[in-house]
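Taking it in order: structure first as structure tokens, then the write-up.
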Amino acid sequence: MEALASFKREISSPKKIFITTHVKPDADALGSSLGMANYLTKKGHEVTVVTPTDYPSFLNWMKGNDEVLDFSNPDHTQAATNSLEDADIIICLDFSCLSRVNELGEMIRKSDAYIVNIDHHQDPEDFADFRVWSTEAAATCEQVYELIVALGDEKLLDKDIAECLYAGIMTDTGGFRHPNTTKNVHLVVAELLDLGADTSQIANWIYDSNSVNRLKFIGFAISRRLVVHEDLHMAYFAISKKDLKKYQSRTGDTEGLVNYALSLDGIKLAALFSEREDGIKISFRSSSEVAVNKFAAKYFDGGGHKNASGGKSNLSLKETVELFETLVKDHQDEIFQADPVTAN
């Protein structure tokens, strides 16, 4: 309560506020950032939202999107840097370690600004003056909503803010299908609906706004790049740079692909390996009893949520896939050991 009171004092008068989130922002990252930005703007603050990289075009409908600065875009870098250097308050959303924002991380670490961290991932780094952190939260957007209410500013919530926050909750719960869909999630969503959030339209923007190339790419990936090992309860996609170029892949086009592998009967662990210029990006998904975040952290310099995590590899695509297959074969008991809490 003392920390909350301190933050409330910090935002009690107009300030210059810098908001950022993790690389390749998803709906929870951008939704929490713009939801928070729209709220703070209504309180009279000068707010700048900066993303370390670009993000999927299917998120462009969020209010404030047109003013977001992409730090990786040379046309935005200087303005973003100036905003960070001038900031009185820096708010870090949906990431727990400063390495998750690339070059911005060290710039934030050196700043004299009041730093806020709102996040629900495991193993947070201690870099903030005020932290809202809980792995029990399904989404950072859920936490942002609860923080605004705790600050006594529920009256400032509106339809635009509600829709930003709803998008993050919807996607981070897998459309309310994942085990993190708690009673509290439904209670928060009910409040967002009362504020006018158009849930049908949001789902359409995020899930049903495909390009022809993306649909062709998904079909190609399922028919030509899906590998299934039923005996190992494992399936994966290995997507090369050549594959991505062939279908003119844009940021967000591989979003959700790994879920097709996990949807197969008997599959408990799924992965997507995407070959990028800076190495192999990996997305992991697992059934409720498999803690894939531990696997990602131990073997692929990654982490995240229990059933949805990421990782990376500096090996070639072929070598990374071979390593993954070997690890799954050699560590069956470790990987598929039921979580005692889940099992009970």
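The values are calculated or read from the model by the stated rules, or taken from the named source; none is laboratory data. Computed from a predicted model, the values in this text were never measured in an experiment. Cβ placement follows ideal geometry from the backbone for every residue including glycine, while neighbour counts extend to all protein chains displayed. We work out accessible area using only protein heavy atoms, side chains counted, and drop any ligands, DNA or RNA first. Shrake-Rupley method; radii C 1.70, N 1.55, O 1.52, S 1.80 Å.
Open to solvent by 60 Å² or more (accessible area, probe 1.4 Å) and in a loop (DSSP other than H, G, I, E, B): is that true of Asn210 in this structure? The answer is yes for Asn210. Taken together, Ser313, Ser287 contain a single residue that is of a type in the set (Ser, Thr, Tyr), over 30 Å from Trp205 (Cα atoms) and not assigned by TED's automatic domain parsing to the domain that holds Arg177, which is Ser313.
The residue that is modelled with the highest pLDDT, counting only those in the stretch 305-333 that are under 28 Å from Ala139 (Cα atoms) and either part of a helix (DSSP H, G or I) or open to solvent by less than 20 Å² (accessible area, probe 1.4 Å) (or both), is Ser313. Looking only at residues in the stretch 145-182 that are without any contact (Cβ under 8 Å) to a residue 12 or more places away in the chain and assigned to a helix (DSSP H, G or I), the one that is least open to solvent (accessible area, probe 1.4 Å) is Val149. When Ile17, Ile11 are screened for being β-branched (Val, Ile, Thr), out of contact with any strand residue (DSSP E or B) (no Cβ under 6 Å at 6 or more places or on another chain) and buried (at least 17 other Cβ atoms within 10 Å of the Cβ), only Ile11 passes. Scanning the stretch 92-107 for residues that are open to solvent by less than 90 Å² (accessible area, probe 1.4 Å), out of contact with any helix residue (DSSP H, G or I) (no Cβ under 6 Å at 6 or more places or on another chain), within 18 Å of Asp123 (Cβ to Cβ) and not aromatic (Phe, Trp, Tyr) yields Cys92, Ser96, Cys97, Val101. Going by what's in this entry, would Val228 be described as open to solvent by less than 60 Å² (accessible area, probe 1.4 Å), touching a residue at least 24 places away in the same chain (Cβ under 8 Å) and among the aliphatic types (A, V, I, L, M)? When the stated conditions are applied, Val228 does not pass them. Scanning the stretch 36-58 turns up one or more residues that are under 16 Å from the mean Cα position of the chain (by Cα), in a helix (DSSP H, G or I) and of a type in the set (A, V, I, L, M, F, W, C). Candidates Ile202, Ile222: the one that is surrounded by fewer than 14 Cβ atoms within 10 Å (Cβ to Cβ) and part of a helix (DSSP H, G or I) is Ile222.
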